[in-house]
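Here the structure is laid out as structure tokens; the discussion comes afterwards.
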Amino acid sequence: MPIETVVSLTPSRTLSQPTPAQVSVGLRFVARQPILTREEKLFGYELLFRDGVENCFNAADSSAAARSTLDSSILVGLETLCAGARAFLNCTRDILLKDYITLLPSNNTVVEVLETVEADDLVIAACRRLKEAGYWIALDDFAPDDPREALTEFADVIKVDIRATSPEQRATLVKRYGPWRCRMLAEKVETRQEFQEAKKMGFVYFQGYFFQRPEVLVSREIPENHFNYLRMLQAVSQPELNTKLIEDLIKREASICYRLLRYLNSPIFGMSNEIHSVRHALSILGERETRRWVRLVATLGAGQQKPSELVVTALVRARFGELLSADIDHGDSDLFLMGLLSLMDAILEIPIQDVLAQVPVDHETKTVLLGGASKLRPVYQLMLARESGEWESASQLLQQLHLQESEVAEAYWRALRWAREVTGA
């Protein structure tokens, strides 16, 4: 079929939740880059998929990667991947002209038109059809004198790479296209200062790692309840578990007590008996589950005033590390705890050095979280590479750790589902 021929496809209405085996085959690699609002609330995700790491750098056909995105999105479901937030999906000319995107629901799908797409009559017609069908249109990597100017008529979101544009160019773009015409999105925002500057300039959505890094004032005192969360983590990191101390710490935080009872009474934990008190919970959990559970609720409590995506990401890292631990030489280090602590500085808004001073972690974990050389560094880097879609780095790390692509993809998918379940996100 010639590329100019437009085919309208009707979405299947009989899709069901995939089995673990289907997910392992159909969803090899997935990364989600959060898109936040001015209030640092989650607005959506840009979804990045690959059938496998090698496919990522050897495939010359960008449309093949885009079709893989659609296949994986349909198989797993946008609700599972994005939990109700909008999904930004990269679209090539081929994807646009063949209306493949209509296989996904219009109410939470954003059609992200890549910078390589020529805005000819056929592409314009395709964008008009999608707009009329209720889809949002986003223009990726929009720049001054962009050849896709004709598509701004349909654009709901214009994405601007702050690494590829000057402040003057960004100000001009915001003045010309926002806020009354389009919602302006700043990409690759890496620091809090860049976030604040982009907000003042008029951007309304933001994508980058700025929200994962704390804004720490040297003179700031650490709130007492933050110390309580750290004390809980400290208590369950001791070789000998002091259940009386843990009970006392939990009782100091009403929200933590509530979360404890709510989560333990939920189907997620599979408790056969209803839990009535903190002491009752600790008495039947056992040492291993008590450690795991306290880490979870302390993290959830600490993140109550922070973007929920931070807490979800920390839990995904933790569970991902835990699932890989059987296949990785990690000595006495707890990979669940390593993943959890990796974002605790951003959640609590205190330096990572202060976090680690309060929690007695092993030398290798402490070293890697402080940015030093550690035998845990490859697995920690793998966590970050999978999270951000850095597929080439992920491929090299898999080889270094002697891990199979399919097993790692399965572990990441399971970690994501688990984190969404326990947070209710």
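The values are calculated or read from the model by the stated rules, or taken from the named source; none is laboratory data. From a predicted model like this one, the values you see are computed outputs, not experimental measurements. All Cβ positions, glycine included, derive from the backbone under ideal geometry; neighbour counts span all protein chains shown. When the accessible area is computed, the model is the full protein with side chains, heavy atoms only, and any ligands, DNA or RNA have been set aside. Shrake-Rupley method; radii C 1.70, N 1.55, O 1.52, S 1.80 Å.
Worth a mention:
- Search result, residues across the range 307-330 that are open to solvent by 40 Å² or more (accessible area, probe 1.4 Å) and modelled with pLDDT under 85: 308
- Inter-residue pairs, beta-carbon under 6 Å, first among the polar types (S, T, N, Q) and in the range 362-387, second in a loop (DSSP other than H, G, I, E, B), 6+ apart: 365/333; 367/374
- Hits in the range 331-343 (condition: open to solvent by less than 20 Å² (accessible area, probe 1.4 Å), free of Cβ contacts under 8 Å to residues at least 60 places away in the same chain and not in a helix (DSSP H, G or I)): 333, 342
- Hits in the range 101-118 (condition: surrounded by 20 or more Cβ atoms within 10 Å (Cβ to Cβ) and either touching an Asp or Glu at 6+ places or on another chain (Cβ under 8 Å) or within 16 Å of residue 47 (Cα to Cα) (or both)): 101, 104, 109, 110, 111, 112, 113
- Residue in the range 142-158 that is surrounded by the fewest Cβ atoms within 10 Å (Cβ to Cβ), counting only those that are closer than 14 Å to residue 176 by Cβ and out of contact with any strand residue (DSSP E or B) (no Cβ under 9 Å at 6 or more places or on another chain): 145
- Selection of the range 175-217 for residues being more than 19 Å from residue 310 (Cα to Cα) and charged (D, E, K, R) yields 175, 176, 181, 183, 197, 199, 200.
- The residues of the range 348-376 that are modelled with pLDDT under 90 and within 29 Å of residue 408 (Cβ to Cβ), listed by number, are 352, 355, 356, 359, 361, 362.
- Candidates are the residues of the range 344-355 that are aliphatic (A, V, I, L, M) and either open to solvent by less than 10 Å² (accessible area, probe 1.4 Å) or not in a helix (DSSP H, G or I) (or both); the one that is nearest to residue 231 (Cα to Cα) is 355.
- Cross-chain or 6+ apart pairs with Cβ under 7 Å, the range 172-186 first and surrounded by fewer than 13 Cβ atoms within 10 Å (Cβ to Cβ), then at pLDDT 90 or above and not hydrophobic (A, V, I, L, M, F, W, C): 179/202
- Residue-level analysis places residue 206 among those that are open to solvent by less than 30 Å² (accessible area, probe 1.4 Å) and not in a loop (DSSP other than H, G, I, E, B).
- Odd one out for residue 359 among (1) over 22 Å from the mean Cα position of the chain (by Cα); (2) under 26 Å from residue 85 (Cβ atoms): (2)
- Restricting the range 406-416 to residues that are open to solvent by 10 Å² or more (accessible area, probe 1.4 Å) and at pLDDT 85 or above, the residue that is nearest to residue 381 (Cα to Cα) is 412.
- For residue 379, the conditions (1) open to solvent by less than 30 Å² (accessible area, probe 1.4 Å); (2) at pLDDT below 90 all hold with the exception of (2).
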